[in-house]
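First the structure, in the form of structure tokens, and then the observations on it.
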Amino acid sequence: RASQQADTERLSRWKKWRRTSSKSLRKALSEVKGLSSYLVLWQRDIHSIEGKFGTGIQSYFSFLRFLVLLNFIIFILMFSFVTLPIIISEYGIFNSTIAYISPKNIDDNCTIYEPSGNKGLVYFYTYIKDLFSGTGFLEVTILFYGYYTIDAVWISIMRYNLPLAYLLATFSYLALSFLWIIKRSGEGFMQNLVHDADPFQSYCNKVFAGWDFCITDPNAARLKHRSLHYELQTDLQEEKLKQKIAERTMKEKLRIYSLRIFINIIVIAILSGCFYSIYRVTVFSQENSNVSIRNDTRTHSANLLVQYLPSMVITLANFIGPLIFSYLIRFEDYTPAFEIKLTLMRCVFVRLANIGVLLFSLWSQISDCAADKCEPCGYNYKLYPCWESDVGQEMYKLMIFDFIVILAVPLFVDFPRMLLVTHCSCKLIQWFGYQEFGISDNVLEIIYGQTICWIGTFFSPLLPAIATIKYFIIFYVKKIVLIHTRKPAARPVRASASNFFFLMVLLIGLILAFVPLGVSIAQIPSSKACGPFRNFNTSWEVIPDTILDFPTVLQQILFGMASEAFAVPFFMI
């Protein structure tokens, strides 16, 4: 220091000023960075949760925050490029108008679409029914695909191609989600790699370099202390389990492997039962809801029950399946981190396959061409004049019902259980005690909802806005549940391992969402009575149709890139 001060005295005034300015600037930037942390959504809440309940549970809430931000960005994207141009043109802002192109070479029967909008005197409960089912007044709003029956928007002298914008916005939100998940999972993968390379090194890092010496607040110090305590507890518990596994005798190994095989047979049977039940219920619901529409003999509540039957059975399977899997996994004697991974994978098959079965049954009805039902439109236009809006309504109902269940479980299960444990001294109730905060169950809830959002956004462009509000509310509900009605898991989980795996399961959900969207865009004929693609055989045809307006050289390059010879190696790489 004395040497630096002596050097400083020999400097010129200009160099002294530059050094002082540089110091001040670094200090100002450091303070701005510290203040900007307060602007991060739920930063203090998540920091508090980390100290009280460990990094495993903290990783769940960080994951929830990531999905809130992701859905908000997707909503901004869809609203800006799909919904906003129509709103601008309807009000004539910027000298804008709407351009309609009459469908060519299409039978008049294919263009008939009469949404079940409420007309005349309407009872209040009808609006409630419409709000939950997406029918009635909601069917003719910007929420669903059928509203966007516009071919182009003229803003001043510029022609805005809405069908092309709709399709490109869909590809953009899928690509954005994919790249963002890959980026975040890359960080978790590096942490996992470092930890798995040498567990002892990870232990030394926590002991000798785990403390944050920037902490000056006593409360923050206590939070950091608890966080390190949970991390060390996790390490020691995993080492203990590894030692126990290494000391197993041949008889014990035979017993545990036989038990695991038996449990996996039970799991496969449960999965098969769920898939078959969803398929039968969805077919029943489609057939009976169509009968009720034609005959109009059922009451509004009965119609709503029939429409919601697939959502109810799917939610029931999603609720019961993870409970059974969480109970069975205890007997398989795995490490805490692997328990979460295996339970998640089992639950993924239940939740995501349920959505797949629902969509498969819907497509089988839409493409049911027996007795020439599809002539001349290419799809079952009598039952589904605007099939995209019908699929959007199913996704909307799944999301709403899932949200209702997430709110109902704490209200009607967790809080009564907490009151009984607190105020009742019965030995049986005290034996049950507080329910543990299961990370795998809670993560699957939000991954399931996010997969619905990814699939449904094409059919309901404003679904990401609903998902954003839903996850925002869920954060506070889960926080209250965690603090007041549940207890942390008896076996804590490391954040780096769980965070990476959460994102991998989310990536599986995104990749599975590509399949139904790809089939809907490229395979199933688009509705001729509604939507921006009514003048195209499929939604994908807007791309080659737009390319034909380009110069010949550019056309050849783009069509070459779209060929199998280029596309297959590109996507493999």
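Please work out the C-alpha center-to-center distance from region 57-90 to region 147-182 and express it in whole Å. Their Cα centres are 14 Å away from one another.
Its DSSP H runs of at least 4 residues, each contributing -39,500 (n - 2.57), put the calculated 222 nm mean residue ellipticity of the chain at -23500 deg cm²/dmol, to the nearest 500. With 29 Å as the limit, the listed pairs Lys23/Lys52; Lys33/Lys487; Lys27/Lys52; Lys244/Lys341; Lys27/Lys479; Lys242/Lys479 have Lys23/Lys52; Lys33/Lys487; Lys27/Lys52; Lys27/Lys479; Lys242/Lys479 beyond it between alpha carbons.
Summing charges over neighbours of Ile480, with a neighbour being any other residue whose Cβ is under 12 Å away from its Cβ, gives +1 when K and R count +1 and D and E count -1.
Taking trypsin sites (Lys or Arg not before Pro) as exposed when DSSP calls them loop and at most 16 other C-beta atoms lie within 10 angstrom, the chain has its longest site-free stretch at 383-573. Measuring r between the beta carbons of Val413 and Gln43 and using R0 = 22 Å, the FRET efficiency lands at 0.15. Taking Cα atoms only, the orientation of helix 439-456 departs from the longest principal axis of the chain by about 30 degrees. Dividing the mean sequence gap of close Cα pairs (under 8 Å, 6+ apart) by how many residues the chain holds gives a relative contact order of 25 percent.
Taking amide H positions as modeled 1.01 Å from N, with prolines and chain starts lacking one, the residues under 5 Å from Glu436 and 5 or more places away or on another chain are Lys487. For Ala152, nonlocal amide neighbours, meaning residues 5 or more places apart or on other chains whose placed amide H falls under 5 Å from its own, are Ala99, Leu162. Approximating the spin labels as points 7 Å out from Cα along Cα→Cβ, the Val519-to-Leu558 distance works out to 2.9 nm.
Only Lys, Arg, Asp and Glu count, each charged at its Cβ (+1, +1, -1, -1), so figure out the dipole size of the chain about its Cα centre, rounded to 20 debye.
That gives a dipole near 2820 debye.
Taking the longest Cα principal axis of the chain as reference, the axis of helix 552-562 is set at about 60 degrees.
Read-outs: derived from the displayed coordinates by stated rules, not from any lab. Because the structure is a prediction, the values reported are computed rather than measured. In this analysis, Cβ positions are derived from the backbone assuming ideal geometry, glycine residues included, and neighbour counts consider all displayed protein chains.
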